[in-house]
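The values are calculated or read from the model by the stated rules, or taken from the named source; none is laboratory data. Treat the numbers as computed from the prediction; the structure is a model and nothing was measured. Cβ coordinates were reconstructed from backbone atoms using ideal geometry, including for glycine residues, and neighbour counts include every protein chain displayed.
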Amino acid sequence: MANVEVVNSGFNDYFRTIQKRVHELLDPISRQQLWTKPYFYGNSIGNLILLLTGNLNYYIGARMGETGYVRDRDLEFRDSGKAKEELLRNFDQAIEVVVQTVSKQSAADWAAPYTAERTQMYDRFSMVLNCAAHANHHVGQIIYLQRELLGAS
């Protein structure tokens, strides 16, 4: 495999792993629990899924894949009450956009200049790596929230 294929495959496998983990974590969560904020200073699991969906759709979908997605980041923190199935469907669609976009990247594409709101990343590779780290960070938060909501240790 050429180096670019290794990079593309590695990123795609990583985002698929994130997708699978999110589904596993949300499986035992009720709709009410999905939107519960166990801590006054934090987010609900639902808001974290909205945030991840918006992040991937904007930074990778709109800015690299030219999907036309328009992000309303503030709404991602305010919205509540959507069904789990709808949240996961939208999240899965964002993952599909990521996989399709990443799969199309050439070595030159990865090194191409990158600009977007609220980021200092300077090329496409750095931005996708940043999105992967961001997703992992929020999955960690979802793990703790799920345990708190389910009373698990």
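Observations on the model:
Condition check ((1) surrounded by 14 or more Cβ atoms within 10 Å (Cβ to Cβ); (2) β-branched (Val, Ile, Thr); (3) more than 15 Å from Asn43 (Cα to Cα)) across all residues:
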| site | (1), (2), (3) |
| --- | --- |
| Val98 | yes, yes, yes |
| Lys104 | no, no, yes |
| Thr119 | yes, yes, yes |
| Tyr122 | no, no, yes |
| Phe125 | yes, no, yes |
| Leu145 | yes, no, no |
| Leu150 | no, no, yes |
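- Of everything in segment 72-87 that is under 16 Å from Asn57 (Cβ atoms) and crowded, with 18+ Cβ neighbours inside 10 Å, the residue that is modelled with the highest pLDDT is Leu87.
- Selection of first residues in segment 127-139 that are touching a residue at least 24 places away in the same chain (Cβ under 8 Å) and under 13 Å from Asn57 (Cα atoms) and of second residues that are aliphatic (A, V, I, L, M) and part of a helix (DSSP H, G or I), restricted to Cβ pairs under 7 Å at least 6 apart or on distinct chains, gives the following pairs, ordered by first then second residue: Val128/Ile60; Val128/Val102; Cys131/Leu56; Cys131/Ile60; Ala135/Ile18; Ala135/Leu52.
- For segment 59-80, the count of residues that are among the polar types (S, T, N, Q) and out of contact with any helix residue (DSSP H, G or I) (no Cβ under 9 Å at 6 or more places or on another chain) is zero.
- Odd one out for Gln33, checked against (1) assigned to a loop (DSSP other than H, G, I, E, B); (2) in contact with a helix residue (DSSP H, G or I) (Cβ under 8 Å, 6 or more places away or on another chain); (3) under 16 Å from Leu149 (Cβ atoms): (1)
- Boolean, Lys20 is in a loop (DSSP other than H, G, I, E, B), over 19 Å from Arg118 (Cα atoms) and among the charged types (D, E, K, R): no
- Among the residues of segment 86-125, those that are assigned to a helix (DSSP H, G or I), of a type in the set (S, T, N, Q) and either farther than 30 Å from Asp27 by Cβ or without any contact (Cβ under 8 Å) to a residue 60 or more places away in the chain (or both) comprise Asn90, Gln93, Gln100, Thr101.
- Flag for Glu66 being surrounded by fewer than 17 Cβ atoms within 10 Å (Cβ to Cβ), assigned to a helix (DSSP H, G or I) and at pLDDT 95 or above: no
- In the set (1) of a type outside the set (Ser, Thr, Tyr); (2) in contact (Cβ under 8 Å) with a residue 24 or more places away in the chain; (3) under 29 Å from Met127 (Cβ atoms); (4) surrounded by fewer than 19 Cβ atoms within 10 Å (Cβ to Cβ), Ile49 fails one condition alone, (4).
- If the condition is being more than 14 Å from Ala62 (Cα to Cα) and loosely packed, with under 15 Cβ neighbours inside 10 Å, then segment 106-117 contributes Ser106, Ala107, Ala108, Ala111, Ala112, Pro113.
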